[in-house]
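Read through the structure below, which is laid out as structure tokens, and then see the notes.
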Amino acid sequence: MTERLKGTVALVTGASSGIGEATARTLAAQGARVAMVARRVENLEKIAKDIAGQGHTALAIEADVTDQEQVIAAVERTVGDFDRLDIVVNNAGVMLLGPIPGAPTEEWDRMIDINLKGLMYMTHAALPHLLEAAQTSERKAADLVNISSVAGRSANAGAGVYNLTKFGVGAVSEALRQEVSRKGVRVSIIEPGAVATELTEHIRPGIREKAEERWGSMTTLSAHDIADAIEYAVTRPAHVSINELLIRPTEQR
């Protein structure tokens with residue numbers, strides 16, 4: 001099979017499990033050297049070892065995306081080890097559902113810090129390298145992929161602040177697309193519906209059960225379904241930019 005990303009370097013946040021892990025594996029299988037960023041470095045190292053065992057290259061980087069200095073260091077480590085950066089996948093995120101009245105506001109802070117500020121810190125640190133790659137690479141393109149959600153399209157009771165962060169991802173992504181697309185950097189938003197990952201495990205008891213009941217009888221998406229969509233977006237010819245992909249389980253309303 002042709003390695004369509006041979007010669008490129010990708011950085012994936014939230015890569016210690018779920019969509020991030022599946023994306024790192026998928027991009028590596030396409031020939032990219034992959035920097036995997038997350039807080040759970042033990043998981044990253046196991047995944048990197050497995051990827052290496054399949055003849056590909058992965059680098060485990062421990063970093064918290066809510067800390068701008070750690071984000072800058074992660075980008076610098078990637079470029080220092082691999083000499084370039086062609087693809088960034090902003091996948092790190094958290095979904096803490098619940099009604100707004102009486103909510104523990106630390107959950108709001110956490111979602112805003114990870115889902116929005118973390119994404120923006122990584123984007124800001126990586127953009128100079130993506131712009132350079134777009135001008136110097138054989139692909140004549142670089143890619144920024146931001147993981148949003150169906151919650152970034154439709155607001156619902158019990159998800160207001162999560163909606164806020166994912167609507168924000170869409171807004172900042174579209175503004176950036178208009179700013180950098182003529183310079184060869186493609187900005188894509190991937191909007192998953194219900195996916196079988198650890199995301200619901202962070203929801204507080206009482207709210208979590210309701211969310212799981214809502215999706216319990218549904219055949220949900222897998223992390224690999226989303227990684228497949230990301231692979232599609234970043235392997236298009238330079239003149240093709242996949243701006244937005246909404247992906248839901250067939251049964252999801």
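Where a number appears in this text, it was derived from the coordinates with a stated rule and is not lab data. Worth saying up front: this structure is predicted, and the values here are computed from it rather than measured. Glycine also receives a Cβ, built like all others from the backbone with ideal geometry; neighbour counts cover every protein chain displayed.
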In deg cm²/dmol, rounded to 500, what helix-only [θ] at 222 nm does the chain give when every DSSP H run of at least 4 residues adds -39500 (n - 2.57) and the total is split over its residues? -13500 deg cm²/dmol
Which whole-number percentage describes the relative contact order of the chain, with Cα contacts under 8 Å and a sequence gap of 6 or more? 19
Would you calculate the separation in nanometres between label points at Glu138 and Arg39, each defined as 7 Å from the Cα along the Cα-to-beta-carbon direction? 4.0
10 Å Cβ shell holding at most 16 others, DSSP loop, GluC sites (Glu not before Pro): longest site-free stretch of the chain: 4-137
Find the relative contact order for the range 17-82 and round it to a whole percent, using C-alpha pairs within less than 8 Å whose residues are 6+ positions apart. 29
So which of Lys117/Lys166; Lys140/Lys166; Lys6/Lys140; Lys6/Lys117 end up more than 21 Å apart by C-alpha? Lys140/Lys166; Lys6/Lys117
What is the calculated FRET efficiency for Ile72 to Ile112, with r their C-beta to C-beta distance and R₀ = 22 Å, to the nearest 0.05? 0.65
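Can you tell me the length gained on complete extension of the stretch Gln252 to Leu131, counting 0.36 nm per residue apart and subtracting the Cα distance?
Taking Gln252 through Leu131 to full extension adds about 39.8 nm, to one decimal.
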